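Visitor: Below: one structure in structure tokens.
Nothing in this text is a laboratory measurement; each read-out follows from the coordinates by a stated rule. Computed from a prediction, not measured in an experiment: that's the story for all the values here. Here the Cβ is made from the backbone with ideal geometry for all residues, glycine too, and neighbour counts use every protein chain on show.
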Number of protein chains: 2
Amino acid sequence: MSYKFARRMGTVHRSFIREILKVTANPEIISFAGGLPNPGLFPVAAMDMASREVFSEIGSSALQYSTTEGDAGLRSIISGRYVKRGLTVDPDSILVTTGSQQILDLCAKIFIDRGDKIVIERPGYLGAIQSFSMFEPEFVTVSLDDDGPDLEELEAAFKDGAKLFYAVPNFQNPSGVSYSLEKRKAVAALLDKYNVLFIEDDPYGELRFRGDDLPSVYSFCKKPGVLCGSFSKIAAPGFRIGWAVAEKEIYDKLVIAKQASDLHTSTVAQAIMRRYLETNEIDDHIDIIRESYGRQCEVMIEMIGEYFPKEVSITRPEGGMFLWATMPDGFASMDLFDVAIKDKVAFVPGRPFYVDGSGENTLRLNFSNSDEKKTEDGIKRLGRSIYSFLK
Amino acid sequence: MSYKFARRMGTVHRSFIREILKVTANPEIISFAGGLPNPGLFPVAAMDMASREVFSEIGSSALQYSTTEGDAGLRSIISGRYVKRGLTVDPDSILVTTGSQQILDLCAKIFIDRGDKIVIERPGYLGAIQSFSMFEPEFVTVSLDDDGPDLEELEAAFKDGAKLFYAVPNFQNPSGVSYSLEKRKAVAALLDKYNVLFIEDDPYGELRFRGDDLPSVYSFCKKPGVLCGSFSKIAAPGFRIGWAVAEKEIYDKLVIAKQASDLHTSTVAQAIMRRYLETNEIDDHIDIIRESYGRQCEVMIEMIGEYFPKEVSITRPEGGMFLWATMPDGFASMDLFDVAIKDKVAFVPGRPFYVDGSGENTLRLNFSNSDEKKTEDGIKRLGRSIYSFLK
């Protein structure tokens, strides 16, 4: 029997990053490849306590089926945290999802017909490229400058009939770039002008360690699209709890799509997360993460200054978990990967983040998951590998 | 801004059952509508203990991102449980999913192109109809007799170019029907003959309270398709843990689709479930569920004999959670619902389980979630409502 797979499966592949992570499972390898938060900062004891309380107080309801929309108390807390940061978000406009990755799948389901023009950043988030690819859109990419997307390219893409724009305006994965206030406003104006739907992914927004918080693009749009959030980077990813904010017309379709996808997000996971948030000050916890990632980022930048050739340029993130390095033209970071792995250091070559096959001379470095000693050793090794190519 | 939703959203709707569940949230209503396991039988204390051990022993790794395939230890245990029941299933062929509902979404993603002919049972499982509908197939339905599908109709559908057949051979939702051994073999032979892929959904297989266990259709197929399992009915649904069994070529595509859908199933939920299974004898627990549901089913059948008009025929399930009632021709169970709800008893009208809009005179009754007293009271009320129509 030969299987007759759907046509869409011809265009999607396993995540290159997840394949790399298998190679880097070797504990001798210093890996800047993953996108993992630092597990040393997970609030294990507090989650343990929250979990005990859930099982002893609401055990059987926490183990039962639940509503697709998500735990009402959890949605209230998420709403309250937005309000505290200056954005009015009604709990009824919040859909709890199985990680924020699921929002991308749900948005693709409800919005993308085959051949629709979807605008993404170049480089762009790989998980979004994967989710959207399943629904066979035509990707249109816009260059990402140090302060956000190239506005001329963006307007040209919108003029050309784009249906939606997906972006990560805060400390983007993979580049670490954040949109300036001016670009946020300009992007919102273009979205409104051309009636393009915006999917704003914001898993890292609260992980700012330099500069001032900026309002979401969502907050500047007259008719906002979908704003995505997640507990993965501010609490722990193992719960798989994210959320989408959307107005009623979109929300109702997202609920239908989620029912069909997995009925609802884990009741147990939601109950533990809710209890954790009710009994702990998560903002204090986030401060610890910020301080730690900020220091690790600083060390990485400093070590790059010391051990990388001057021809290598890098982004200088104000938050998040990643920075982005650009090698001289003609440099192949895929080849560098093979050399570096022999010297027991890993990163992610940039090409998979470009749907047009470019980005050959770029690479992504994760700084959230390595302490100062590891970062110094790893960057030293990586610098050595880069020099071996430039000789 | 008017939103431009994808074409597929024109053909799918909110689950009618989930909407009904909102109506029946009133505690005065005796509900046979839900598909809920009895929460009184959830192993709350054992899960609490398992959870404490997870947090104290492997806390930070249980909170971290994990592999798409799922927890290796959990997959081993699932494999071992199949082997014990006589089916060789390699752990590497098991993909842990976010409930077994997700398998239907993943299968739809990897197999269904718009317009593909998909065969389902009539009546059929609503969650599958929803998942598949998102990918715009053409549904072909085959009648379900007391011992399984009508084989002539099935062969005609296969001959006509069906791509896949989805079925629930054990104690089907909604009908409670199980396939006889002969029909299992005959269905497998037809699948092989016409090279049709089989998706065998088996959430209730271990909940048999009468008769002998029968091998899966999967076990009789030369080239088996996808076998779906779940902890929702034998442990607790709140974890959202199911699993798919598939051979490598299909498995690899399912993994790609799952990466794009939600990266992986909750690490915490998997860790707790694994620990629960390692430290408890789940088969003893399942015996308790079986005994309880068997008794509840018996009481319901007995009460139906007492309080329903003789014109109503019912299925006599050997396991699972549902039985199916057929009223005389011309009877509208949607109208009955409105009358019954005033008398504070609820059920699910049968029509949503028929993609062809038939089944108007049928209804589904859940017996797993009502004790004997409630069952007697509820069936008495429902009988009264039915009689009011037959007068």
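Visitor: Give me a comma-separated list of calculated 3J(HN,Hα) values for the stretch A:245-257, in order, Karplus coefficients 6.51, -1.76, 1.60 applied at θ = phi - 60°, integers in Hz, x for any Gly or Pro.
Guide: With the stated coefficients, the stretch A:245-257 comes to 10, 7, 7, 3, 4, 6, 3, 4, 6, 4, 4, 4, 5 Hz.
Visitor: Take the residue pairs A:LYS248/B:LYS374; B:LYS109/B:LYS159; B:LYS258/B:LYS344; A:LYS248/B:LYS248 and return only those whose Cα atoms are more than 32 Å apart.
Guide: Violating the 32 Å limit, Cα to Cα: A:LYS248/B:LYS374; B:LYS258/B:LYS344; A:LYS248/B:LYS248.
Visitor: What is the spin-label model distance, in nm, from A:LEU390 to B:LYS342 if the labels are put 7 Å beyond Cα along the C-beta direction?
Guide: Taking the simple label geometry, A:LEU390 and B:LYS342 are separated by 8.4 nm.
Visitor: When the gyration tensor of chain A is built from Cα positions, what are the square roots of 5 times its three eigenvalues, in whole Å, from largest to smallest?
Guide: Semi-axes (√(5λ), whole Å): 32, 27, 21.
Visitor: Provide the gained length on full extension for the span B:ARG210 to B:LYS223, in nm with one decimal, where the gain is 0.36 nm per separating residue minus the Cα-Cα distance.
Guide: Result: 1.6 nm gained on full extension.
Visitor: Quick one: which of B:LYS233/B:LYS253; A:LYS117/B:LYS4; B:LYS183/B:LYS253; A:LYS4/B:LYS84 span more than 23 angstrom between C-alpha atoms?
Guide: On the way: B:LYS233/B:LYS253 27 Å; A:LYS117/B:LYS4 12 Å; B:LYS183/B:LYS253 30 Å; A:LYS4/B:LYS84 32 Å.
Long pairs (Cα-Cα over 23 Å): B:LYS233/B:LYS253; B:LYS183/B:LYS253; A:LYS4/B:LYS84.
Visitor: For the residues B:THR279, A:THR98, B:THR375, what sequence is obtained by ranking on other C-beta atoms within 10 Å, fewest first? Can you show the working numbers first?
Guide: Values: B:THR279 11, A:THR98 30, B:THR375 25.
So the residues, fewest neighbours to most, are B:THR279, B:THR375, A:THR98.
Visitor: With a Förster radius of 56 Å, plug the Cβ-Cβ distance of B:THR279 and A:ASP145 into 1/(1 + (r/R0)^6) and report the FRET value to the nearest 0.05.
Guide: On the way: r = 55 Å, r/R0 = 0.98.
E between B:THR279 and A:ASP145, to the nearest 0.05, is 0.50.
Visitor: Further, regarding this structure: When only C-alpha pairs under 8 Å and at least 6 residues apart count, what is the relative contact order of chain B, in percent?
Guide: With pairs under 8 Å counted, the relative contact order is 23 percent.
Visitor: Determine the shielding of peptide B:237-244 by partner chains: average, over its residues, the number of Cβ atoms on other chains within 10 angstrom of each Cβ.
Guide: 6
Visitor: Can you sort B:TYR65, A:TYR293 from fewest to most other Cβ atoms within 10 Å of each residue's own Cβ? Please list the in-between numbers first.
Guide: Numbers: B:TYR65 22, A:TYR293 26.
Exposure proxy ranking, most exposed first: B:TYR65, A:TYR293.
Visitor: Which residues does a label at A:GLU306 reach in the stretch A:359-380, if reach means a backbone N under 15 Å from a point 7 Å past the Cα toward the Cβ?
Guide: So the set is A:371-380.
Visitor: While we're on this one: If you put a point 7 Å past Cα along the Cβ direction, how far is that point for A:LYS4 from the same point in each other copy, in nm, smallest first?
Guide: Nearest to farthest, the other copies are at 3.2 nm.
Visitor: Which whole-number percent gives the relative contact order of the stretch A:1-146, counting Cα pairs below 8 Å spaced six or more residues apart?
Guide: Numbers: 105 pairs, mean separation 34.2, N = 146.
Relative contact order here is 23 percent.
Visitor: OK, next. Step through the residues of the stretch A:78-88 one at a time and calculate ³J(HN,Hα) from phi using the Karplus curve (6.51 cos²θ - 1.76 cosθ + 1.60, θ = phi - 60°), rounding each to whole Hz and writing x for Gly and Pro.
Guide: Once θ is set to phi - 60°, the couplings for the stretch A:78-88 become 4, 4, x, 5, 5, 4, 4, 8, x, 10, 6 Hz.
Visitor: If you don't mind, another one. Stretched out fully, how many nm does the piece from B:ASP90 to B:VAL23 gain, at 0.36 nm a residue minus the Cα gap? Present the calculation step by step, with values, prior to reporting the outcome.
Guide: Numbers: separation 67, 0.36 × 67 = 24.12 nm, distance 4.38 nm.
Roughly 19.7 nm would be gained on extension.
Visitor: Turning to a different aspect of this structure: B:LYS185: which lysines have alpha carbons under 17 Å from its alpha carbon, excluding same-chain residues fewer than 8 sequence positions away?
Guide: B:LYS193, B:LYS222, B:LYS223
Visitor: Over what distance in Å are the Cα centres of the stretch B:237-262 and the stretch A:332-376 separated?
Guide: Each part's Cα centre sits 28 Å from the other's.
Visitor: Another one. Check cross-link reach from A:LYS22 to the aspartates and glutamates: straight Cα distance under 15 Å, and skip same-chain residues fewer than eight apart.
Guide: Excluding near neighbours in sequence, the set is A:ASP338, B:GLU69, B:ASP71.
Visitor: Now for a different question. Given the rule -39500 (n - 2.57) for each run of at least 4 DSSP H residues, summed and divided by the residues of the protein assembly as shown, what is its mean residue ellipticity at 222 nm, to the nearest 500 deg cm²/dmol? Mind showing how you got there, number by number?
Guide: Details: 24 runs with 334 residues, N = 782.
About -14000 deg cm²/dmol.
Visitor: Got the B:SER180 label distances to the other copies yet, label 7 Å along Cα→Cβ, in nm, shortest first?
Guide: Output for B:SER180: 7.8 nm, nearest copy listed first.
Visitor: Under a straight-distance cross-link criterion of Cα-Cα below 14 Å, which aspartates and glutamates are reachable from B:LYS310, leaving out those fewer than 8 residues away in the same chain?
Guide: B:GLU302, B:ASP329
Visitor: Mean separation of Cα pairs under 8 Å and 6+ residues apart, divided by the residue count of the stretch B:101-151: what relative contact order is that in percent?
Guide: It comes to 42 percent, rounded to a whole number.
Visitor: Taking the label point as lying 7 angstrom from Cα along the Cα-to-Cβ axis, what are the distances from A:SER313 to the corresponding position in the remaining copies, in ascending order and in nanometres?
Guide: 7.8
Visitor: Ok, one more. Output ³J(HN,Hα) for the stretch B:261-270: one whole-Hz value per residue in order, computed from phi by the Karplus curve 6.51 cos²θ - 1.76 cosθ + 1.60 with θ = phi - 60°, and x for Gly and Pro.
Guide: Couplings: 8, 7, 6, 6, 7, 2, 5, 4, 4, 5 Hz.
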